[in-house]
Every structure is written in C-alpha cells, then in structure tokens.
Amino acid sequence: MEPIGRVWQKSSFSGNGPDNNECLEITAGPDGLGLRETAEPDRVLTTRAAALKGLLRAVKAGRLPP
C-alpha cells in the first residue's frame with residue numbers, strides 16, 4: 001500500500017510510450033529512496049541515496065557489463 005503523502009517525481013529523461021507511461025519515478029521517505037516504473041506503481045524498489053549514487057556513477061563510467 002502506498003504511504004499517504006508520498007510525492008513521486010518523474011524523470012525528465014523518461015520516454016513517451018504508446019500508453020504515455022514509460023517513466024521512472026523517484027521519491028524520498030523515511031525508509032530511503034523509492035524507485036518505480038509508472039506502468040507498475042505497486043512495485044517499488046527501496047534503496048539508500050549512497051547506493052543509488054554508486055550505481056549511477058558505475059553506469060555513467062561504463063563499469064557495468066552489457
């Protein structure tokens with residue numbers, strides 16, 4: 001169940017698919033950062049800011065296998 005008052009922010013890099021729901025959304029809460037796909041709003045990945053920052057750095061640097 002979605003916590004009341006949680007505000008989701010869509011990525012400015014999200015695409016516009018046929019249903020206009022190909023978006024990644026993020027929110028901050030007491031349990032960390034929440035990430036979800038607009039098409040599946042009930043499936044939320046929760047992580048800490050430092051972990052997400054590390055993942056984004058690795059992706060940008062090309063350090064992840066294809």
Filter the stretch 29-61 down to the residues that are surrounded by 10 or more Cβ atoms within 10 Å (Cβ to Cβ) and of a type in the set (Asp, Glu), then identify the one that is farthest from Phe13 (Cα to Cα). Asp31
Within the stretch 1-28, how many residues turn out to be at pLDDT 90 or above and surrounded by fewer than 12 Cβ atoms within 10 Å (Cβ to Cβ)? 2
Result of the Cβ filter at 9 Å on the stretch 37-57, keeping first residues that are polar (S, T, N, Q) and partners that are assigned to a helix (DSSP H, G or I), at least 6 apart or interchain, is Thr47/Leu55
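The values are calculated or read from the model by the stated rules, or taken from the named source; none is laboratory data. Because the structure is predicted, anything quoted here is derived from the model rather than measured. So basically every Cβ, Gly included, is an ideal-geometry build from the backbone, and we count neighbours across all protein chains shown.
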